[in-house]
1. Considering only residues that are at pLDDT below 90, within 23 Å of ILE130 (Cβ to Cβ) and among the small types (Gly, Ala, Ser), which ones fall in the stretch 7-55?
2. For the condition modelled with pLDDT under 80 and within 25 Å of SER100 (Cα to Cα), what is the one hit in ILE4, ILE67?
3. Say we look at the stretch 92-103 and pick out the residues that are within 21 Å of ILE29 (Cβ to Cβ) and surrounded by 10 or more Cβ atoms within 10 Å (Cβ to Cβ); which of these is modelled with the highest pLDDT?
Amino acid sequence: MLEISPLVFWIVSAVVVGSALAVVLSKNIVHSALFLVVSFIAVAGVYAILGVDYIAAVQILVYAGAIAIILVFGIMLTKRGDMKDSNLFSQYKYIGFLVSAAFLAVTVYMISLSDLPAVAGEMGSTVRLIAIDMFGDFVIPFEGAAILLLVAMVGAVMLARGGNKKQ
């Protein structure tokens, strides 16, 4: 496993916290969505530093890619008078800060009460371990889910096209 400097971890963590604060504090909802994408990518960086490369890749593909695109399309398709006043919930930022601080205090307190074991030894490549399970013991459920998703996608395309017009 590659040895990463603690400074890199703290920089990536600062980007996560800073972009999450920018999501909440931004008055423009498009800027909030873009800061959310930055936060998702930085969280993937934290996963990569921790050595779980598969989760980092899924974080980028699913959250930074798909979810963020859906959010941006939802924002663009929502009709507003002025984009500067588009984030209607920014008036609750002080209450949100208090709730977040209380949640952080409870989380830190609960972690301090637990005796978490130290990680010992190499974990190996998470992608290799997942691939062994996915294409070994769980190949039938994996292929079944793939067929189900294919049928759902074909059905969605047929519904979007309007079906057969000649009937």
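1. ALA48, GLY51 - these are the residues of the stretch 7-55 that are at pLDDT below 90, within 23 Å of ILE130 (Cβ to Cβ) and among the small types (Gly, Ala, Ser).
2. Answer to the check: ILE67.
3. VAL99
The values are calculated or read from the model by the stated rules, or taken from the named source; none is laboratory data. Keep in mind that this is a model prediction, so the values were computed, not measured. Virtual Cβ from ideal backbone geometry, glycine too; neighbours counted across all protein chains shown.
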